[in-house]
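The values are calculated or read from the model by the stated rules, or taken from the named source; none is laboratory data. If you're wondering where the values come from, they're calculated on a predicted model, not measured in any experiment. Neighbour counts are summed over all protein chains in view; Cβ atoms, including those assigned to glycine, are modelled from backbone coordinates with ideal geometry.
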Amino acid sequence: MVERAVLLAAGRGTRMGAITHEIPKPLLPVRGKPLMEHIMERLAEAGIRRFLIVVGFQGELIERHFANWRLPVEFRVQEPVDGTGSAAALAKEFAGDEPFLLNFGDCLCEASEYVRIRSILADHPAAVAVLAAKDIEDPWQGAAIYEEAGRITRIIEKPPKGTSTTRWGSAGFYGFRPVIFDYLAKLTPSVRNEYEITSAFEMMLADDLELRISPVEGDWRDVGRPEDLAAVNR
């Protein structure tokens, strides 16, 4: 039973423009409460009982809001804020020897998606990671995922527009076994000078480890731009 979740909330949210100058993106209001609180409530609905939030930009505001939340919440500070891979690595002590879920702080989905990831981990004990994936026309803005019969064969981070031959794009949430931390520890800066979690996936695939896909079937939104925020509020 997966009962722990890690949320990455250290970035500045630059795609939001001036909206995030005064407030970090995870605290932007969606129907009367912060975006991240919606994510945490859906994780809790799916059975998560302990949370770790990795903070950075204006992290004190996030800590203040969630310090007395209804379920236990811990915090880690990412300094410097240099990529999703180094942020995820801060969860090693929190995760311990248990599998866990990881969610980017701006990706909103239904609770059933987390239940599906947990089920795939249970049904495939050899799988070290399960990646949620959304069927989109061209996954050039994120990570393009290639798979055969549910098993991932290749991942390309931010491929040039129009070059992907897969419709699967990373949906920004995952299920992991603790072996992920062995690979996060080996990360080197990418061409974007960041320690990217996708690079850990590439190394695991190179070592012939099993990574599986979890197709997103319900509502999902990457709340990265002002128009996305307006859409989820509608």
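For (1) surrounded by fewer than 23 Cβ atoms within 10 Å (Cβ to Cβ); (2) at pLDDT below 95; (3) over 29 Å from K25 (Cα atoms), each residue gets a yes or a no:
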{"site": "G105", "(1), (2), (3)": "no, yes, no"}
{"site": "A122", "(1), (2), (3)": "yes, no, yes"}
{"site": "L131", "(1), (2), (3)": "no, no, no"}
{"site": "K134", "(1), (2), (3)": "yes, no, no"}
{"site": "Q141", "(1), (2), (3)": "yes, yes, no"}
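Among the residues of segment 21-37, are any surrounded by fewer than 24 Cβ atoms within 10 Å (Cβ to Cβ) and at pLDDT 95 or above?
yes
Considering only residues of segment 176-208 that are among the hydroxyl-bearing types (S, T, Y) and within 17 Å of the chain's Cα centre (by Cα), which is nearest to R151 (Cα to Cα)? Don't jump to the end; show me each part of the working.
Restricting attention to segment 176-208, the residues satisfying the condition of being among the hydroxyl-bearing types (S, T, Y) are 183, 188, 190, 195, 198-199.
Checking which are within 17 Å of the chain's Cα centre (by Cα) leaves us with 183, 195, 198-199.
Values: Y183: 19, Y195: 24, T198: 16, S199: 17 Å.
The selected residue is T198.
Filter the strands (runs of 3 or more DSSP E) completely within segment 60-154 down to those with at least 2 residues that are within 27 Å of A231 (Cα to Cα) and either out of contact with any Cys (no Cβ under 7 Å at 6 or more places or on another chain) or not hydroxyl-bearing (S, T, Y) (or both). Don't jump to the end; show me each part of the working.
Working: elements: 73-77, 100-104, 107-109, 127-135, 143-148.
Of the strands (runs of 3 or more DSSP E) lying wholly inside segment 60-154, those with at least 2 residues that are within 27 Å of A231 (Cα to Cα) and either out of contact with any Cys (no Cβ under 7 Å at 6 or more places or on another chain) or not hydroxyl-bearing (S, T, Y) (or both) span 100-104, 107-109, 127-135, 143-148.
With within 25 Å of Y195 (Cα to Cα) and either in contact (Cβ under 8 Å) with a residue 60 or more places away in the chain or touching a His at 6+ places or on another chain (Cβ under 9 Å) (or both) as the only criterion, which of A95, A126, A46, A111 stands out? Break it down into steps so the answer makes sense when it comes.
On the way: A126 fails: within 25 Å of Y195 (Cα to Cα); A46 fails: within 25 Å of Y195 (Cα to Cα); A111 fails: within 25 Å of Y195 (Cα to Cα).
Testing whether each residue is within 25 Å of Y195 (Cα to Cα) and either in contact (Cβ under 8 Å) with a residue 60 or more places away in the chain or touching a His at 6+ places or on another chain (Cβ under 9 Å) (or both) leaves just A95.
Would you call G13 at pLDDT below 95 and surrounded by fewer than 21 Cβ atoms within 10 Å (Cβ to Cβ)?
Numbers: at pLDDT below 95: yes; surrounded by fewer than 21 Cβ atoms within 10 Å (Cβ to Cβ): no.
Taking the combined requirement at face value, the residue does not satisfy it.
Failed condition for T188, given (1) without any contact (Cβ under 8 Å) to a residue 24 or more places away in the chain; (2) closer than 21 Å to L43 by Cα; (3) among the polar types (S, T, N, Q), with all others met?
(2)
Could you list, in sequence order, the residues of segment 100-127 that are within 16 Å of L52 (Cα to Cα) and acidic (D, E)?
Passing the criteria: only D106.
Checking the condition small (G, A, S), exposed (fewer than 14 other Cβ atoms within 10 Å of the Cβ) and under 26 Å from E202 (Cα atoms), which residue from G85, G96 passes?
Working: G85 fails: exposed (fewer than 14 other Cβ atoms within 10 Å of the Cβ).
Just one listed residue meets the conditions, G96.
Report yes if D228 is touching a strand residue (DSSP E or B) at 6+ places or on another chain (Cβ under 7 Å) and on the phi < 0 side of the Ramachandran plot, otherwise no.
Working: touching a strand residue (DSSP E or B) at 6+ places or on another chain (Cβ under 7 Å): yes; on the phi < 0 side of the Ramachandran plot: yes.
The answer is yes for D228.
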